């Protein structure tokens, strides 16, 4: 178990020293999107809440961090955490309203909130920059003039640390009694209600937690890209992150990170080959859903389990040959 945890941590630690600069930049974006997808997995994979508007958390985090870095003069780590906390605060009334519905109605409500925030960001030009967004988002040095996070490698380590800590928290969260209750709600909400639990309170709680980590991902993306635009609220981004969760494997935490890496790498690679890359990418995702319904991580775990399973013993027959 320790070796399985130590190996990826070691790989993340040495990556900036072994990989070219452009690969480190791409890896940083993969980790940010992985954190974003993992936050959605708390809703989709563990609670059965299909959100079509999770980009709302991503966009709020991005704009919150941008405004704090541009106008408040906060250091990069403080601004990122403050933007994530602000996103969670806004998610409380959003979750209270969205969880009044279930199924498709819940999905449509989340989508409506995301599109509402998109319209606000597009129209409120004096604050959000309108359609142009906020450009020149800086990586403000930390206290005492610490500039380490402003470099490519330093920012990569900040993103990697956020992902590792978020994964550790989410892993403990889903393994706790709260996580067990969320699984019960996913499987049979009426039964969980009959047993004395309050499904809606648990849904609001996981909605806020997912929004916090989604906002954290957005807050990291703004100084990474150097800008924040209304497109970060748009429904297309919500659809893309949902695809990442499904392709990687919902209900696993690791799967969405893997799905984000596959999505980004395929998108970047196919876009260099043909202008019809979106058609090819969509076809590949349809194939994933049909032939690998458990996702990439589910397929990997199935292969590992099959390899670790002992072979059946041989049974002697009358011909003297052994058969399994």
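The values are calculated or read from the model by the stated rules, or taken from the named source; none is laboratory data. Computed from a predicted structure; not experimentally measured. Note that we place each Cβ from the backbone using ideal geometry, even for glycine, and neighbour counts take in every protein chain shown.
Residue pairs whose Cβ atoms lie under 7 Å apart, sitting 6 or more positions apart in sequence or on different chains, and linking a residue in segment 121-143 that is on the phi < 0 side of the Ramachandran plot and surrounded by 15 or more Cβ atoms within 10 Å (Cβ to Cβ) to a partner that is at pLDDT 90 or above and assigned to a loop (DSSP other than H, G, I, E, B), are 137/226. Flag not set for residue 117, criterion: without any contact (Cβ under 8 Å) to a residue 24 or more places away in the chain and either assigned to a loop (DSSP other than H, G, I, E, B) or crowded, with 21+ Cβ neighbours inside 10 Å (or both). Against the list (1) at pLDDT 95 or above; (2) touching a strand residue (DSSP E or B) at 6+ places or on another chain (Cβ under 7 Å), the condition residue 134 fails is (1). I'd like to check something: does segment 156-169 contain any residue that is farther than 26 Å from residue 18 by Cβ and either more than 11 Å from the chain's Cα centre (by Cα) or without any contact (Cβ under 8 Å) to a residue 40 or more places away in the chain (or both)? Yes: segment 156-169 contains one or more residues that are farther than 26 Å from residue 18 by Cβ and either more than 11 Å from the chain's Cα centre (by Cα) or without any contact (Cβ under 8 Å) to a residue 40 or more places away in the chain (or both).
Matching residues to (1) touching a helix residue (DSSP H, G or I) at 6+ places or on another chain (Cβ under 6 Å); (2) at pLDDT below 90:
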site: 66; (1), (2): yes, no
site: 73; (1), (2): no, yes
site: 76; (1), (2): yes, no
site: 80; (1), (2): yes, no
site: 93; (1), (2): no, no
site: 103; (1), (2): no, yes
site: 109; (1), (2): yes, no
site: 121; (1), (2): yes, no
site: 124; (1), (2): no, no
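The criterion of at least 3 residues that are touching a residue at least 40 places away in the same chain (Cβ under 8 Å) and buried (at least 19 other Cβ atoms within 10 Å of the Cβ) is met by the following helices (runs of 4 or more DSSP H) wholly inside segment 1-107: 21-47, 55-67, 76-98.
Counting the residues of segment 232-270 that are surrounded by fewer than 21 Cβ atoms within 10 Å (Cβ to Cβ) and outside any helix (DSSP H, G or I) gives 1. Could you say which residue among 286, 290, 304 is exposed (fewer than 11 other Cβ atoms within 10 Å of the Cβ), outside any loop (DSSP other than H, G, I, E, B), out of contact with any strand residue (DSSP E or B) (no Cβ under 8 Å at 6 or more places or on another chain) and modelled with pLDDT under 80? Within the list 286, 290, 304, the selection yields 304.
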